[in-house]
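Undergrad: Handing you a structure now.
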Amino acid sequence: MTWVGTPVPRTQDRRMLLGRGKFTGDLARIGTLHAAFVRSPFAAATLGAIDASPALALPGVAAVFTAADLGDPALLAVLERPGFVPTPLPLLAVGQVRHAGEAVAVVLADDPYTAEDAIELVDVDWSPGPVVAGLDAATAPGAAQVHQQAPGNCLVDLTLFDDDRLEGIFAAAPAVVTATVRSGRLAALPMEGRACLAEWDERDQQVVMHVSTQVPHQVRSAVAQAFGVAEQRVRVIAPDVGGGFGLKCVAGREEVALAGIAMRLRRPVRWVEDRQENLTASFHGHEQRYQVRAAFGPDGRILGLAADIDCDVGAYSAFPFTCAVEPLMAATELPGIYKVPAYRARGRAIATHKAPTAPYRGVSRPQLVLVMERLMEKAARRLGLDPLTVRRQNMISPGEFPYTGCNGITYDEGSYAESLDLAEKRVTESGWPGERDRLRATGLLAGIGYSCFSERTAYGTPTMSQRRMRMTPGYDTAAVRMDPSGEVIVTTGTCGHGQGHETTFAQIVADRLGVHPSQVRLRQGDTDLASYGWGTWGSRSIVIGGGAARRAADGVAAQLRQVAAHLLEASPADIELGGGRAGVRGDAGAAVPLSELARIVHFQAHRLPEGLRYGLEARETFDPPGTFSNACHAVLVAIDPGTGGIRLRRYLVVEDCGVVINPVIVDGQVRGGVTQGVAAALLEQVRYDADGQPGSATLMDYLVPTAAEICPIEIVHLETPSAFSETGAKGMGEGGTIGAPAAVLSAVNDALRDSCPDAEIDHIPVRPWDIHAALRDGRTA
Amino acid sequence: MKDTHLIRVRVNGREHELAVESRRTLADMLRHDLGYTGTHLGCEHGICGACTVLVDGAPARACLMFGVQADGRDVATVEGLADGEDLSDLQQAFSDRHGLQCGFCTPGFLMLAEGYLAERRAQDGGEPSEQQIRDVVAANLCRCTGYQGIVEAVLETARRRHAREAP
């Protein structure tokens, strides 16, 4: 029996259920000053004088900082390649503001109420300027420039792939399908907003920050770079973090600014983001437009694909990923699970006067899956084929793995065909088609949709280095140490924030050492405890962090075997670890508890030869190329043609993330991911008007799904272990979000088509009025 | 000068007397004046429900009430649910059904569910359906779970409590 694969209960549940979680906003220090940011009411403006004196006159206000007071600190995220325009991200605006909500000053006061009063009193001389608030406006001739160094507002323009044969292929193809597919701007919306408590430690001569972050080391690097201090002068701790979804995998301007202020004031300073700031002034994602052309043979086989991909990245490049993260991923990975023989892709990042973007869950994969699935369905329609047949015709098939695509990506073994077969079988056997017919008979529109996709996970340095980021992520390091009582401490540079890493890492390590998972404690989220690491995002932690932990645990296991072999007068190769003991294979009587080994190593080193003395500890790094999870989603939707309201009736996920470490946790990730994907498909959108004014600054306007909008999600597991990971596991944090929009849109179009054969929708989110418009347009066409 | 009031409030059965500014929310008072940091703030405008507590037994958004409005009233927070170190049946069901991931919204859902279950019991509403529970759970937002574990946990607790009390 192994702990890996078992539904070990999550250790963090208990403290959360008791109300004893410790989030950044829960931490208190005597003498704390509370920060509130003065934010721009304009999307574009030139900054004149800032007069803080009325604010400073308010009792309880301790200080006001502008950019100049802090030395104009900024973060610079860089891609070292032509076609990328670097733009600094000022912590507080210098001279110009580039989006509504951009901070220009920060007030520090004895309590947060007073700080908020005081920001109203800071007098700022604004000169509003012309605004570009969308792709069309930003790329129009003569458009206002968001950055002086970026003519045409183009921050990234890269043609990553091209193929001379394409025009010939299009000219000769029996069917050429074109589409413009759009996805709306989204907010990651973790339930805990961003937060930071920064304090100066006089003894350690260090600024200590508690930050609600996914990436403590990158926040540390950001502070070091923004203020020109050595990294060891900064300690970043992530306490309990209330969700991130990518929003917190970049350095926040506010938290970095607070570090600088704490260094100046030598007092604890705290900032807790409110929801309006979170929706308007943090980071967004996913606002993309794909103009695609695909050639198909008469049998539905794809012959060529050309794509122009434009991402509305907002005003700045987030640190350290840069604003290229969306267009680069989109252009590189668009073909997905389909065998595209000839490919051209141009990806652009377009600057607008909107809040900047960060890698929100799935990054560009929800959209690129949406695009490929739309193309498969359109081709099927054009050629009179079954859409699932067209998918099967094109997907990488069993026997073709590892498959290297036209995009240079090598796809490790997956179950693309099997997952679709199984989903279709399950849908049929569970009576979905009959249910669809019954719904239609009641006057509703009803449809079934599928999406087939893989999810590239655990991007290590070999993959990330192709992006040519100045700060290239990928590897992670873990240390495993057995203490004198025989219990185990694991440190990692990954930084779980709800995924249950305390439990899953313990399962992985427990198996290698032959102990119970409750004897393994994970220490994460502390830059002074762990080796430099890249945090938790991109479905990387179990594969990379867990892989490093497994390697380090194997190092300690080898040490334990040697010590046991010495004491038991056996060969290390004959020592087996299990049940908290080290025993000699084949000799039930010869065994010693691990706690006894640990005691001897630490307290009676003289009993051991030199090489076995002084601790049970190992540190290992893992840096894989990446591995692909895959899944097939199916969904049944019902649409009220009168109201345009769309309801989920059934949802099925057949997923394959390789070796499942903890099935309960995997299911939870899938269900939460699907919910966010459904939200992107039907509900959520960050809106701006043409003047760059936010139209979704509250949760009354930004529609996060509740339990009433989501139906039960059935999950079936397939298990194709990865050869590219230590544990055989593949990352799976984003798949739910990646597959859902395409499946939902397929179902919506299936429903529309039954009522109106020419009705079709190629964008998300689909709102009730989009249903009405599609039916109206379909009928006139 | 700040407009402060001296109030007396009972939290989880314990009396507190304190001076509180008139505009201070109940949530901030609980969290920062009295140390009940299990009550979380997710939106501060009454939508997400992370700050849900019971005031005289009924669920209330602690971000939409002023602390002074709790004068003389009985407030229950997540810290009062467990029996010492033993999780309540509802808390245990949340863990068993994977009804939480990051845990930030969890206290609000627990208090919402406790309020609902108590009301149901008072009205002898019988065993609730999955749809009824789903509608109640829809009062609050969770960004991690997709709600399935939360709905199952509340439903299971409702059924168990109903079975226990059934004649």
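Undergrad: How many percent of all Cα-Cα pairs in the stretch A:200-264 sit more than 15 Å apart?
TA: 44 percent
Undergrad: Whole-Hz ³J(HN,Hα) for each residue in the stretch A:760-765, computed from phi via Karplus 6.51 cos²θ - 1.76 cosθ + 1.60 with θ = phi - 60°, x for glycine and proline: what do you get?
TA: Once rounded to whole Hz, the list reads 7, 10, 10, 9, 10, x.
Undergrad: Mind pulling up the Rg/Rh value for the stretch A:552-621? Radius of gyration and Kirkwood radius, both on Cα.
TA: 0.95
Undergrad: Can you list the HN-Hα couplings for the stretch B:127-134, worked out from phi with the Karplus curve (6.51, -1.76, 1.60; θ = phi - 60°), rounded to whole Hz and with x for Gly and Pro?
TA: 3J(HN,Hα) across the stretch B:127-134, in whole Hz: 7, x, 8, 4, 5, 4, 5, 4.
Undergrad: Now for a separate question. Can you find, among A:VAL156, A:ALA187, A:ALA172, the residue sitting farthest towards the positive end of the charge dipole of the stretch A:131-189, where Lys and Arg contribute +1 and Asp and Glu -1 at Cβ?
TA: A:ALA187
Undergrad: How large is the charge dipole for the stretch A:484-613, taken about the Cα centre, if only the Cβ atoms of Lys, Arg (+1) and Asp, Glu (-1) carry charge, to the nearest 20 debye?
TA: Details: 12 positive and 12 negative charges, 28 e Å.
Dipole about the Cα centre, nearest 20: 140 debye.
Undergrad: Along the charge dipole of the protein assembly as shown, Cβ charges K/R +1 and D/E -1, which of A:PRO341, A:GLY695, A:GLY496 sits furthest on the positive end?
TA: Projecting each Cα onto the dipole axis, the largest value belongs to A:PRO341.
Undergrad: If you don't mind, another one. With just the Cα atoms of the protein assembly as shown, tell me how far they stretch along each of the three principal axes, in Å, largest first.
TA: For the protein assembly as shown, the Cα spread along each principal axis is 81, 78, 71 Å.
Undergrad: Return the calculated 222 nm mean residue ellipticity for chain A, to the nearest 500 deg cm²/dmol, obtained by summing -39500 (n - 2.57) across DSSP H runs with n ≥ 4 and dividing by the residue count.
TA: -9000 deg cm²/dmol
Undergrad: While we're looking at this one, here's another question. Taking 30 Å as the cut-off for C-alpha to C-alpha distance, list the pairs among A:LYS248/A:LYS354; A:LYS22/A:LYS354; A:LYS248/B:LYS2 that go past it.
TA: Pairs exceeding 30 Å: A:LYS22/A:LYS354; A:LYS248/B:LYS2.
Undergrad: In the neighborhood of A:ARG467, defined by Cβ-to-Cβ distances under 11 Å, what is the net charge if each Lys or Arg adds +1 and each Asp or Glu adds -1?
TA: On the way: positive: A:ARG81, A:ARG468, A:ARG470; negative: A:GLU80.
Local net charge: +2.
Undergrad: Evaluate peptide B:29-42: per residue, the Cβ atoms of other protein chains within 10 Å of its Cβ; return the mean as an integer.
TA: Neighbouring Cβ atoms belonging to other protein chains average 4 per residue here.
Undergrad: A follow-up question, please. So how far apart, in nm, are the two label points at A:ARG776 and A:ASP574 if each is 7 Å from Cα heading toward Cβ?
TA: Calculated label separation equals 8.5 nm.
Undergrad: In nm², what is the average projected area of the convex hull enclosing the Cα atoms of the stretch B:89-165?
TA: 4.4 nm²
Undergrad: Rounded to the nearest 0.05, what FRET efficiency is calculated for A:ASP421 and A:TRP126 with R0 set to 45 Å and r the Cβ-Cβ distance?
TA: Efficiency for this residue pair is about 0.15.
Undergrad: Which whole-number percentage describes the relative contact order of the stretch A:284-440, with Cα contacts under 8 Å and a sequence gap of 6 or more?
TA: 23 percent
Undergrad: What is the magnitude of the charge dipole of the stretch B:4-80 about its Cα centre, with +1 placed on the Cβ of each Lys and Arg, -1 on the Cβ of each Asp and Glu, and no other charges, expressed in debye to the nearest 20?
TA: Values: 8 positive and 10 negative charges, 16 e Å.
For the stretch B:4-80, the charge dipole is close to 80 debye.
Undergrad: Using only atoms on other chains, find how many Cβ atoms lie within 10 Å of each Cβ of peptide A:656-668 and report the average.
TA: 2
Undergrad: Between A:ALA558 and B:LYS2, what is the spin-label point distance in nm, taking each point 7 Å from the Cα along the Cα→C-beta axis?
TA: Calculated label separation equals 6.0 nm.
Undergrad: In Å, what Rg and Dmax follow from the Cα atoms of the stretch A:390-442?
TA: 16.2, 50
Undergrad: Tell me, what is a quarter of the convex hull surface for the C-alpha atoms of the stretch A:417-518, in nm² with one decimal?
TA: With the hull built on Cα positions only, its mean projection is 12.5 nm².
Undergrad: Need the full-extension length gain, A:ARG599 to A:ARG438, defined as separation in residues times 0.36 nm minus the C-alpha distance. One decimal, nm. Display every interim value, and only then the final one.
TA: On the way: separation 161, 0.36 × 161 = 57.96 nm, distance 6.93 nm.
Extra length from A:ARG599 to A:ARG438 when fully extended: 51.0 nm.
Undergrad: If you add up the charges near A:SER364, with Lys and Arg at +1 and Asp and Glu at -1, over every other residue whose beta carbon is less than 10 angstrom from its beta carbon, what do you get?
TA: -1
Undergrad: For the stretch A:67-112 and the stretch A:395-451, compute the distance between their C-alpha centroids and round to whole Å.
TA: 45 Å
Undergrad: Can you list the residues, at least 5 places off or on another chain, whose amide H is less than 5 Å from the amide H of A:CYS406, using H built in the peptide plane?
TA: Here A:VAL340 satisfy the definition.
Undergrad: Kindly provide the helix-only [θ] at 222 nm of chain B, computed as the sum of -39,500 (n - 2.57) over DSSP H runs of four or more divided by all residues, to the nearest 500 deg cm²/dmol?
TA: -9500 deg cm²/dmol
Undergrad: Show the residues, 5+ positions off or on another chain, whose built amide H is closer than 5 Å to the amide H of A:GLY129.
TA: When sequence neighbours closer than 5 places are left aside, the close amide H contacts are A:ALA44, A:ALA45, A:THR46.
Undergrad: Could you name the lysines in cross-link range of A:LYS339, using Cα to Cα under 30 Å and dropping any fewer than eight places away on the same chain?
TA: By straight Cα distance, A:LYS339 reaches A:LYS378, A:LYS425, A:LYS730.
Undergrad: When all C-alpha to C-alpha distances in chain B are sorted into bins of 5 Å, what percent of pairs does each bin hold, rounded to whole numbers?
TA: 2, 9, 18, 21, 19, 14, 9, 5, 2, 1, 0, 0
Undergrad: Another question, if that's okay. For the stretch B:4-80, what size does the Cα cloud have along each of its three principal axes, sorted from largest down, in whole Å?
TA: Cα extents, longest axis first: 30, 25, 20 Å.
Undergrad: Which whole-Hz ³J(HN,Hα) couplings does the stretch A:458-468 yield from phi under the Karplus relation 6.51 cos²θ - 1.76 cosθ + 1.60, θ = phi - 60°, glycine and proline marked x?
TA: Result, ordered by residue: 6, 5, x, 4, x, 7, 5, 5, 5, 6, 6 Hz.
Undergrad: Only Lys, Arg, Asp and Glu count, each charged at its Cβ (+1, +1, -1, -1), so figure out the dipole size of the protein assembly as shown about its Cα centre, rounded to 20 debye.
TA: Values: 91 positive and 114 negative charges, 189 e Å.
That gives a dipole near 900 debye.
Undergrad: On to the next question. Rank by packing, highest mean first: peptides A:279-286, B:103-110, A:28-35, with packing defined as the count of other Cβ atoms within 10 Å averaged across residues.
TA: Working: A:279-286: 26.2, B:103-110: 29.6, A:28-35: 16.1.
Per-residue Cβ counts within 10 Å, averaged per peptide and sorted highest first, yield B:103-110, A:279-286, A:28-35.
Undergrad: Taking each residue in A:231-243, count the Cβ atoms of any other chain within 10 Å of its Cβ, then average. What number comes out? Don't skip to the end; give the middle numbers.
TA: Numbers: counts 0, 0, 0, 0, 0, 0, 0, 0, 0, 3, 3, 11, 9.
Across the residues of A:231-243, the mean count of other-chain Cβ atoms within 10 Å is 2.
Undergrad: Picking from A:GLY642, A:PRO82, A:PRO625, whose Cα lies most toward the positive end of the charge dipole for chain A (charges on Cβ: Lys, Arg +1; Asp, Glu -1)?
TA: Comparing the listed Cα positions along the dipole, A:PRO625 ranks first.
Undergrad: Moving to a separate point now. What range in chain A is the longest one free of GluC sites (Glu not before Pro) that are in a loop by DSSP and have at most 11 other Cβ atoms within 10 angstrom?
TA: A:203-568
Undergrad: Report the full-extension gain for the segment A:GLN205 to A:VAL716: residue separation times 0.36 nm, less the Cα-Cα distance, to one decimal in nm.
TA: On the way: separation 511, 0.36 × 511 = 183.96 nm, distance 5.29 nm.
Result: 178.7 nm gained on full extension.
Undergrad: Separate question: Would you report the distance distribution of C-alpha pairs in the stretch A:32-71 as whole percents per 10 angstrom bin, up to the bin with the largest distance?
TA: Percent of Cα pairs in each bin: 21, 53, 24, 2.
Undergrad: Could I ask something else about it? Within the set of other residues whose C-beta is less than 11 Å from the C-beta of A:ALA306, count the net charge using Lys and Arg as +1 and Asp and Glu as -1.
TA: Summing Lys and Arg as +1 and Asp and Glu as -1 gives -1.
Undergrad: Evaluate the relative contact order of chain A (contact order divided by residue number), counting alpha-carbon pairs under 8 angstrom at least 6 apart; express in whole percent.
TA: 15 percent
Undergrad: Collect residues whose amide H, placed 1.01 Å from N in the peptide plane, falls under 5 Å from the amide H of A:ARG267; neighbours closer than 5 in sequence don't count.
TA: Correct list: A:TRP200.
All of the numbers you see were taken from the coordinates with simple rules; none came from a lab. Just so it is clear, the structure is predicted and the values come from calculations on it, not from any experiment. So basically every Cβ, Gly included, is an ideal-geometry build from the backbone, and we count neighbours across all protein chains shown.
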